[in-house]
Protein chains: 2
Amino acid sequence: MAKDQAKAVLGIDLGGTKIYAAAVNRRGKILGSARKKTRGESGFEATVKRMAKCALEAAGDAGLEMSDIHAVGVGSPGPLDLKEGRIIETPNLKWVDAPLKAELEQLLQKPVKVDNDGNVGILGEHAYGAARGADHVIGLFIGTGIGGGVIVNGEPLHGFNDNAGELGHMILDPGGPQCGCGNHGCLEAFASRLAIERDIRIAEIQGVETSVFADMKDRGERLRSKKLTEAFLNGDPAVTLAINRSASYVGFAVASLLNVFNPEVVVLGGGLVEAMGKRYVNLVRKVAKRNVFSVALRNIRIVAAALKDDSAVLGAAVLAWQIPANAPPVKADAQ
Amino acid sequence: MAKDQAKAVLGIDLGGTKIYAAAVNRRGKILGSARKKTRGESGFEATVKRMAKCALEAAGDAGLEMSDIHAVGVGSPGPLDLKEGRIIETPNLKWVDAPLKAELEQLLQKPVKVDNDGNVGILGEHAYGAARGADHVIGLFIGTGIGGGVIVNGEPLHGFNDNAGELGHMILDPGGPQCGCGNHGCLEAFASRLAIERDIRIAEIQGVETSVFADMKDRGERLRSKKLTEAFLNGDPAVTLAINRSASYVGFAVASLLNVFNPEVVVLGGGLVEAMGKRYVNLVRKVAKRNVFSVALRNIRIVAAALKDDSAVLGAAVLAWQIPANAPPVKADAQ
């Protein structure tokens with residue numbers, strides 16, 4: 001297939017709770033999309049099949065055949081081996097050494113490029129969103145876990161082993177709560193949706209009022225970001241405490257990142273920020289500004305992701321468009 | 001003067017307690033050197049005069065005339081305005097808006113290039129020391145305060161306002177001790193020589209034994225790194241506690257930096273590390289390795305600075321050699 005004939009790429013955002021795929025044209029326009037649950041506990045093989053199905057559905061939603069598709073980009077939890085496109089380990093999904101690129105290439109028969117979920121998120125915002133035109137950018141994506149991505153001198157920061165940008169695992173208090181990664185006091189252990197949920201449950205046990213469990217059939221049910229937001233906006237005491245703690249620790253992390261990277265733009269995204277909106281970003285900004293050298297704040301912006309839930313699929317699309325048209329074709333599975 | 005005639009540059013390391021200047025040839029060899037006390041409390045003007053005198057003495061020590069000198073490089077505490085070569089503010093020396101480059105150029109009649117003390121430290125180690133050949137490097141310099149420097153893709157990281165690399169002000173516990181910068185729980189507030197001294201004094205008040213104050217005429221006298229090291233190697237209880245706390249927090253910071261930057265080499269330098277040597281670096285390495293994704297440790301080195309006290313003057317020399325030979329001459333002071 002000649003390069004010109006490709007109408008779109010498929011971007012896939014592999015999250016802790018959901019898979020989101022989109023067919024995206026060269027100008028970053030989403031032509032069609034699809035979503036599925038991740039169900040990481042069903043195992044890597046089952047999830048990667050759902051990813052492929054989700055991608056095909058996104059193409060179908062855009063009215064495209066696979067012959068119209070140039071390539072596939074994926075944002076995945078890490079750490080990753082970027083060259084091989086393998087997941088080395090992932091605290092939330094509990095997979096180890098999972099050959100994501102190879103499996104998806106077999107299933108979709110298209111070249112696949114994989115990067116860290118945080119990197120693709122900030123790539124999307126850098127290409128089409130809140131960080132357009134900035135050379136130094138930090139992205140923090142707050143959802144089930146916390147992903148990060150860094151752009152230095154206009155390029156994603158990958159580091160020596162391709163695993164830079166694990167901003168969710170900055171230590172903000174070595175005596176803090178245990179994180180999914182096994183360590184204590186990581187940003188993610190203070191500020192992710194799971195951390196907020198844990199804090200609300202602890203506060204309730206301690207006698208702080210909350211209404212969020214009232215209408216649950218099963219009290220073990222997950223608290224969704226939408227429900228958290230409603231309770232937060234209604235002033236629910238336990239939720240207010242937990243959200244303020246989350247935003248404060250994100251603020252401390254942003255302050256550290258401003259002192260370390262001195263970026264022009266800090267983009268806050270992910271499911272939680274998308275649901276909470278301005279109120280959450282304002283809390284983060286206030287704490288960050290109090291804890292940083294004033295010079296690192298000059299002409300700096302701390303803003304919500306402009307692409308909302310689409311940051312990662314659009315960044316994954318940027319990855320896919322980076323694959324050259326003359327890339328070697330994917331081979332059919334050897335029998 | 002033609003470029004070829006310059007035999008050396010002058011590198012100046014402006015520290016919290018001392019000024020160290022060296023005449024350095026093109027291959028990074030120190031031909032002569034001199035030291036003076038900083039006496040920051042005497043004010044910027046007085047200190048900058050001592051810096052110029054110290055630089056002239058270093059040239060003299062090398063048997064060089066100022067006509068043999070190409071240019072001058074300086075490592076200074078920050079934040080800085082790099083283009084203007086101004087100190088914007090400096091927590092330890094209490095100066096604000098100090099025109100370091102302009103003053104030194106007037107006094108020495110040579111072009112001057114200024115960078116953050118941490119940046120020049122890691123530039124020196126990158127050019128001639130423990131990080132030679134590495135593209136991704138972190139430097140932490142632990143002395144009176146804590147300076148940092150970062151090399152990404154082979155180049156120093158400056159960021160949007162030229163103030164990246166303030167690694168001493170990463171927040172490691174928002175409820176921690178107050179830092180010289182005004183915030184709470186910065187790395188510097190846990191781990192600098194001043195923090196160690198504070199912790200020893202607190203421990204003594206709390207009844208922990210220590211011998212370090214026994215032979216002091218004035219109990220307010222500063223504890224020097226050499227004395228701390230002797231007491232540490234002799235197992236002094238209060239000193240052991242304080243040094244372990246310092247090394248642990250440096251370890252937590254290194255863990256965060258490994259997850260954030262995924263560097264190939266982490267260089268630990270500065271007066272305290274130089275005095276303590278392997279014992280301190282081993283403590284840091286142990287804590288760092290426990291608190292980081294294993295992938296960020298693959299083929300990673302956490303090592304002591306190879307140039308010891310010379311990292312910063314040699315990095316300042318690298319800066320000075322970057323000044324082109326056809327740079328506009330420094331004008332005599334307008335009357």
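Contact annotation: residue pairs with Cβ atoms under 8 Å, 6 or more positions apart or on different chains, pairing a residue in the range B:257-284 that is free of Cβ contacts under 8 Å to residues at least 40 places away in the same chain with a partner that is in a loop (DSSP other than H, G, I, E, B) and among the small types (Gly, Ala, Ser), are B:Val260/A:Ala164; B:Val260/A:Gly165.
Which one is farthest from B:Pro324 (Cα to Cα) among residues in the range B:9-37 that are in contact with a Ser or Thr (Cβ under 9 Å, 6 or more places away or on another chain) and assigned to a loop (DSSP other than H, G, I, E, B)? Checking each candidate, the answer is B:Thr17. Return the total of residues in the range A:237-256 being buried (at least 24 other Cβ atoms within 10 Å of the Cβ) and polar (S, T, N, Q). Count: 2. With the range B:214-301 as the region, which helices (runs of 4 or more DSSP H) entirely inside it contain at least 1 residues that are within 13 Å of another protein chain (Cβ to nearest Cβ)? By residue number, B:237-261, B:278-290.
A quick yes/no check of all residues on (1) touching a strand residue (DSSP E or B) at 6+ places or on another chain (Cβ under 6 Å); (2) outside the structural domain of A:Ala317 (by TED's automatic domain parsing); (3) more than 19 Å from B:Leu258 (Cα to Cα); (4) at pLDDT below 95:
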{"site": "A:Trp95", "(1), (2), (3), (4)": "yes, no, yes, yes"}
{"site": "A:Pro99", "(1), (2), (3), (4)": "yes, no, yes, no"}
{"site": "A:Lys110", "(1), (2), (3), (4)": "yes, no, yes, no"}
{"site": "A:Gly139", "(1), (2), (3), (4)": "yes, yes, no, no"}
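Can you name every residue in the range A:211-236 that is of a type in the set (S, T, N, Q) and either surrounded by 13 or more Cβ atoms within 10 Å (Cβ to Cβ) or in contact with a His (Cβ under 7 Å, 6 or more places away or on another chain) (or both)? Answer for the range A:211-236, where residues must be of a type in the set (S, T, N, Q) and either surrounded by 13 or more Cβ atoms within 10 Å (Cβ to Cβ) or in contact with a His (Cβ under 7 Å, 6 or more places away or on another chain) (or both): A:Ser211, A:Ser225, A:Thr229.
Here the range B:110-153 is the region considered, the condition is being part of a loop (DSSP other than H, G, I, E, B) and charged (D, E, K, R), and the residue that is surrounded by the most Cβ atoms within 10 Å (Cβ to Cβ) is B:Lys110. Scan the range A:203-213 for residues that are charged (D, E, K, R) and not in a loop (DSSP other than H, G, I, E, B) and the total you get is 1.
Could you please find all residues in the range B:1-34 being charged (D, E, K, R) and under 15 Å from the mean Cα position of the chain (by Cα)? Step through it out loud before you land on a result.
Here is the first cut: in the range B:1-34, the ones charged (D, E, K, R) are B:3-4, B:7, B:13, B:18, B:26-27, B:29.
Passing the criteria: B:Asp13, B:Lys18.
Taken over the range B:39-68, the criterion of being over 14 Å from B:Trp95 (Cβ atoms) and free of Cβ contacts under 8 Å to residues at least 12 places away in the same chain is satisfied by B:Glu65 alone.
Where residues in the range A:38-65 are within 19 Å of the chain's Cα centre (by Cα) and not in a helix (DSSP H, G or I), which of them is farthest from A:Val24 (Cα to Cα)? Among those residues, the one meeting the criterion is A:Arg39.
Out of curiosity, is B:Ala71 buried (at least 19 other Cβ atoms within 10 Å of the Cβ), assigned to a strand (DSSP E or B) and in contact with a Phe, Trp or Tyr (Cβ under 9 Å, 6 or more places away or on another chain)? The answer is yes for B:Ala71.
Only residues that are of a type in the set (A, V, I, L, M, F, W, C) and under 15 Å from B:Thr229 (Cα atoms) were counted in the range B:242-274, giving 5.
B:Glu105 - would you say it is out of contact with any helix residue (DSSP H, G or I) (no Cβ under 8 Å at 6 or more places or on another chain), away from every other protein chain (no Cβ under 14 Å) and not small (Gly, Ala, Ser)? Considered against the rule, which asks whether it is out of contact with any helix residue (DSSP H, G or I) (no Cβ under 8 Å at 6 or more places or on another chain), away from every other protein chain (no Cβ under 14 Å) and not small (Gly, Ala, Ser), B:Glu105 comes out as yes. Looking only at residues of the range A:71-90 that are at pLDDT below 90 and within 14 Å of the chain's Cα centre (by Cα), we find that the one that is farthest from A:Leu123 (Cα to Cα) is A:Thr90. Looking at this structure, is A:Arg201 more than 7 Å from chain B (Cβ to nearest Cβ) and either under 30 Å from B:Arg245 (Cα atoms) or buried (at least 24 other Cβ atoms within 10 Å of the Cβ) (or both)? So A:Arg201 does not fit the description; no.
The values are calculated or read from the model by the stated rules, or taken from the named source; none is laboratory data. None of the values given here were measured: they were computed from a predicted structure. Neighbour counts are summed over all protein chains in view; Cβ atoms, including those assigned to glycine, are modelled from backbone coordinates with ideal geometry.
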